[in-house]
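One structure is given below, encoded as structure tokens.
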Amino acid sequence: MKGDRGFTLIEVLVAAAVLGMTATALFGLLSHSLFNIGRVEELHRYELAAQNVMNRVLLLPALPGGGETGGVLDDSGARWTVTVYPWAPSDLAEKPAEGILRVAVAITWPGRSIPRRIEIEALKPTQI
């Protein structure tokens, strides 16, 4: 039977085992990648929310010389906080009419184990 060509049962079993291990590893990587994409999309959504809050604050004609305010962002449990600090002059004791204020916007939302947070800052010349 010189014309018989084919694979033995052992060769087929080894090939199936290698294929199974490769498929398991690839599906594990795909699952992990999909989880990471979800986290990046979540971070991007809250980054856009922080930029939106920052733009609203920067469009105000006058800002208080210092202080903090906050609120609820949406029904997901996310909260925003806006903090305004004097930047130049660093002290508002002399009560200048104009100055540069540092505006910090922070968005905090519930994570899987601990709350997650993103913070952005900007400077705004304004009337005080």
Label residue 127 and residue 83 with points 7 Å out from Cα along Cα→Cβ: what is the distance between them in nm?
2.8
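If you count the DSSP beta bridges with both ends in the chain, what percent of them are antiparallel, to the nearest 5?
95
What number comes out for accessible area per residue over region 54-128 if the probe is 1.4 Å? Units Å², please. Write down the numbers at each step before the final one.
Working: 4880 Å² over 75 residues.
Heavy-atom accessible area per residue stands at 65 Å².
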In debye, nearest 20, what is the charge dipole magnitude of the chain about its Cα centre with +1 on Lys and Arg Cβ and -1 on Asp and Glu Cβ, if you could check?
300
Range of Cα positions in the chain per principal axis (Å), largest first:
105, 27, 21
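Counting other Cβ atoms within 10 Å, which trypsin sites (Lys or Arg not before Pro) in region 43-128 have at most 14 and lie in a DSSP loop?
Details: sites: 45, 56, 79, 102, 112, 116, 117; in loops: 112.
Those satisfying the criteria are 112.
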At 1.4 Å probe size, with the rest of the protein present, what percent of the exposed accessible area of the chain is carbon and sulfur atoms?
62
For helix 9-58, what angle does its Cα long axis make with the longest principal axis of the chain, in degrees from 0 to 90 and rounded to 10?
10
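The values are calculated or read from the model by the stated rules, or taken from the named source; none is laboratory data. This is a predicted model, so every value here is computed, not measured. Here Cβ is always computed from backbone atoms with ideal geometry, including for glycine, and neighbour counts include all displayed protein chains. Heavy atoms of the whole protein, side chains included, go into the accessibility calculation; ligands, DNA and RNA do not. Shrake-Rupley method; radii C 1.70, N 1.55, O 1.52, S 1.80 Å.
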